[in-house]
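Q: I have a structure here, written as structure tokens, and I will follow up with some questions on it.
Please treat every number below as a calculation from the coordinates, not as lab data. Just so we're clear, the structure is a prediction, and the values are computed from it rather than from any experiment. So basically every Cβ, Gly included, is an ideal-geometry build from the backbone, and we count neighbours across all protein chains shown.
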Amino acid sequence: MLTGTRRTQGNAVAVSALSEHPDGRTSIAEVADTLHEGLRGVAPDLVVLMASFQHTRILPAAAADLRRTLGAGHLIGGTADTVMGDSRAPEGRPAAVALALHLPSASVRAWRSTPRNPLPLSRPDDLPGTVGLNEETAGVLVMGDPYTTPASRMVPLLSTCAGRPIPIFGGLLSGASQPGGNCVLLDDLVLNEGYAGITLGNLDIDVISSEGCKPIGEPVVITKCDENVIQELGGHPAVESLQNIVDGLSESDQNLARSGLLVGQAMDSNKVRFGRNDFELRAVMGVHPEKGIAIAAVPRVGRTIQFHVREPRAADEDLRLLLDAQSLDDAPPLAVLATSCNARGQSFFGHEGHDAGVLRERLDKPPLAGFYAVGEFGPVGDSSMVHGQSIVAAMLRTRS
């Protein structure tokens, strides 16, 4: 199955294409042909290309052919468990998706970081010059190998090092379950470690981050912890506090807690009331009656937390609410780049392509490309961070 979408804004052109052909070379060739037809003679300044893990072996050569065929200025992409395009996300099946952007008024700068030649994260003042951040920068797209990308440090630094908030979007690739198995593309380079980025300027980029989990219990302060283990909450044993919360839930919410419990760490523990997007969500890794609650983060004493559960209705409602504000804009986006947690698939919502479908529905069917990630990059407040259980969508518009 092959689909494609085209949109223009002024002189800018965006074209997306998704192919589910089982042969990798044929799939990417179909995508290239659809993009070429939709571009109608103009060369793209940027192509974002994602392929399912079944196409990993042929991806470097096929990506080079696509870039040469289109005459693309820059190309970024990689491998994922599932790719997203239009209203589809073929889970567990081979597919390739690409978004071609002709942006005559925008600036596009490519950069990379590898373990042998890393970004100077220990020298934040040097980061703007290294990745091209300036007063015109609208956002930065970053894709990385999950085993060698210091995402929890890198993402916040990039978003704040220029002296003003800059949205970072993209995520960690999900195309392999072991180091060296993912493929990161940048122009003519193929990386099996590290991360790559595209700094975009002189555009309007709105980025939403929707975690959409349901809070349970009340916010409570960490009073004792050790490394990644919460030992006390509000002066009481952490496990005892959690058990009291779960015991007070309805049967359906108790089932949700058993199937997937998360800890939300407050972005601002001084707030009196907390609402949507006030918490940084991390998975509960284990519960030990004597040791405490292990989480996928490093907690600290004095920080406010609240437990959450993954719930599809809450996730759907949260995404739609965030997109309602976008739909009020006079102009729909030229294109959308999306990164969705690989836990937000059919097993969660009951059908494939939920997030892509809602984005298409609420944003007037823009060209769209994205992938399922094992960590999504997106803004919260004045900084960007690595999310879990989230959908992050970057909506690109030309500046008038």
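Q: In whole Å, largest first, what are the principal axis extents of the Cα atoms in the chain?
A: 67, 46, 44
Q: Could I ask something else about it? Give the average over all directions of the projected area of the C-alpha convex hull of segment 214-310, one decimal, in nm². Let's see the in-between values first.
A: Working: hull surface 22.1 nm².
The number I arrive at for segment 214-310 is 5.5 nm².
Q: Do the sum for the chain: with -39,500 (n - 2.57) for every DSSP H run of n ≥ 4, divided by all residues, what is the mean residue ellipticity at 222 nm, to the nearest 500 deg cm²/dmol?
A: On the way: 9 runs with 91 residues, N = 400.
The helix contribution divided over the chain gives -6500 deg cm²/dmol.
Q: Under 29 Å from the Cα of K224, which lysines turn up, not counting those fewer than eight places away in the same chain?
A: Leaving aside lysines fewer than 8 places away in the same chain, those within reach of K224 are K214, K271, K291.
Q: Which residue, G292, G163, G194, tops the fluctuation ranking in a GNM of the chain built on C-alpha contacts under 10 Å?
A: Of the options given, G163 has the highest mean-square fluctuation.
Q: Ok, one more. Using DSSP loop states and a limit of at most 14 other Cβ atoms within 10 Å to flag GluC sites (Glu not before Pro), what is the longest stretch of the chain containing no flagged site? Provide the component values of the computation, followed by the final result.
A: On the way: sites that count: E135, E136, E227, E290.
It works out to 1-134.
Q: Also: Calculate the FRET efficiency for A296 and N192 from the Cβ-Cβ distance with a Förster distance of 35 Å, rounded to the nearest 0.05. Working shown, then result.
A: Working: r = 24 Å, r/R0 = 0.70.
Rounded to the nearest 0.05, the efficiency is 0.90.
Q: Let me ask something else. If the elastic network links every pair of Cα atoms under 10 Å, which of V301, V48, V380 fluctuates the most in the Gaussian network model of the chain?
A: Fluctuation is largest for V301.
Q: A further question on this structure: For the chain, build the charge dipole from Cβ charges (+1 Lys, Arg; -1 Asp, Glu) around the Cα centre, then report which of I205, V358, M267 sits farthest towards its positive end.
A: Result: I205, furthest along the dipole toward the positive end.
Q: Identify which of H21, H351, H74 has the largest mean-square fluctuation in a Gaussian network model of the chain, with springs joining Cα atoms closer than 10 Å.
A: Maximum fluctuation in the GNM of the chain, among the listed residues, is at H351.
Q: A follow-up question, please. Run the dipole for segment 191-339 about the Cα centre, Lys and Arg Cβ at +1, Asp and Glu Cβ at -1, nothing else charged, and hand back the magnitude in debye, nearest 20.
A: On the way: 13 positive and 23 negative charges, 79 e Å.
Here the size comes out at about 380 debye.
Q: Still on this model: Compute, for the chain, the length of the dipole vector about the Cα centre, with Cβ point charges of +1 (Lys, Arg) and -1 (Asp, Glu) only. Units Debye, rounded to 20.
A: Values: 34 positive and 46 negative charges, 108 e Å.
Charge dipole, the chain, about its Cα centre: 520 debye, nearest 20.
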